[in-house]
Amino acid sequence: PSTQSSLTNRGVAYWQADKPVAGQPCQKRIYIGTVDAKLHAVDADSGKPCADFGENGVVDVDQWNVVNRKWPLSLLQPPTVFKDFLFLGWAGRDWAEAETSPGSLFALDARTGALRWTFEAIPEDSTAKTGGANISASMSVDADRNMLFIPVSSPSPSFFGGARLEEIPYASSVTALDIETGERKWHYQLVHHGIWDQDVCSAAILLDLPGPRGTVIKAIAQ
């Protein structure tokens, strides 16, 4: 069974090697995920699987779904691509279940599919009674600061919070991570103790605002 059996994915992602090797396959790649947590990589020119990515072009993302696993992680949104990283969130059944998979974000090697780091949005001591707070939307990258901005959804279940009274600070937040390590740089929680499924469900917009005396203020709109 899948969490999102009535839906398909929302698009594909594209990557290309910084220094392409002539005659070698998969120097340009297309990635697409499935509702049963398989991430596929194919050669952008031929459509053939990239044999060096996972197992013959497929990474089973559900191998990392080990806490409160009731359903596979649905890969509805394409990964966010930056340099040789794939940043991959997922969708789940947080509206209907209380104890669901906690909201892991996976950073994968774009060439091999190997897991490079994981960010956990749910505190470990809260996973026995809740889940969700996953990233099911696109993400934003600040290349100058080497930062990834993730829009985090609400915790499970969507419409009752009586069983999860502890703080879940990254839920329903914009959170900034170091691209290389996944270390949290800062976060801003937009909804505290959400009970109306008020997810942060779109990528942050990075913009330059005019400041005093000709200065520029780096800002985020969410």
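The values are calculated or read from the model by the stated rules, or taken from the named source; none is laboratory data. These figures come from a predicted structure and were not determined experimentally. Note that each Cβ is placed from the backbone with ideal geometry, even for glycine, and that neighbours are counted across all protein chains shown. All accessible areas refer to the heavy atoms of the entire protein, side chains included, with ligands and DNA or RNA removed. Shrake-Rupley method; radii C 1.70, N 1.55, O 1.52, S 1.80 Å.
Details
- Remark: spin-label model distance L190-E166 equals 2.6 nm, labels positioned 7 Å along the Cα→Cβ axis.
- Between K19, K38, K70, the residue with the greatest mean-square fluctuation in the GNM of the chain (Cα pairs under 10 Å linked by springs) is K19.
- The chain, accessible area per residue, ligands and nucleic acids excluded (1.4 Å, Å²): 50 Å²
- Close Lys pairs in the chain (alpha-carbon distance under 17 Å; sequence gap of 8 or more, or different chains): 8.
- Accessible surface, 1.4 Å probe, highest first, among residues R145, R29, R111: R145, R111, R29
- For the chain, a simple Cβ point-charge model (Lys and Arg +1, Asp and Glu -1, everything else neutral) yields a dipole of about 420 debye relative to the Cα centre.
- Percentage of interatomic Cα-Cα distances in the stretch 142-185 larger than 15 Å: 51 percent
- On the chain, 53 percent of the accessible area sits on carbon and sulfur atoms, based on a 1.4 Å probe.
- Any cysteine of the chain lacking a neighbouring Cys Cβ under 4.7 Å - listed by number: C201
- Shown for the stretch 1-125 is the translational diffusion coefficient from the Stokes-Einstein equation, using the Kirkwood radius over Cα pairs, a temperature of 20 °C and a viscosity of 1.002 mPa s: 143 µm²/s.
- Projection of the Cα convex hull of the chain, averaged over all directions and equal to a quarter of that hull's surface, yields 13.7 nm².
- Given charges at beta-carbon only (K, R positive; D, E negative), |dipole| of the stretch 142-222 in Debye: 240 debye
- Label point distance in nm, T127-K218, each placed 7 Å from Cα along Cα→Cβ: 3.2 nm
- Accessible-area value, C50, 1.4 Å probe, nucleic acids and ligands omitted, Å²: 0 Å²
- Accessible surface ranking that places the most exposed of R164, R213 first, with a 1.4 angstrom probe: R213, R164
- Ranked order, Y188, Y170, Y31, Y14 - accessible area, probe 1.4 Å, largest first: Y188, Y14, Y170, Y31
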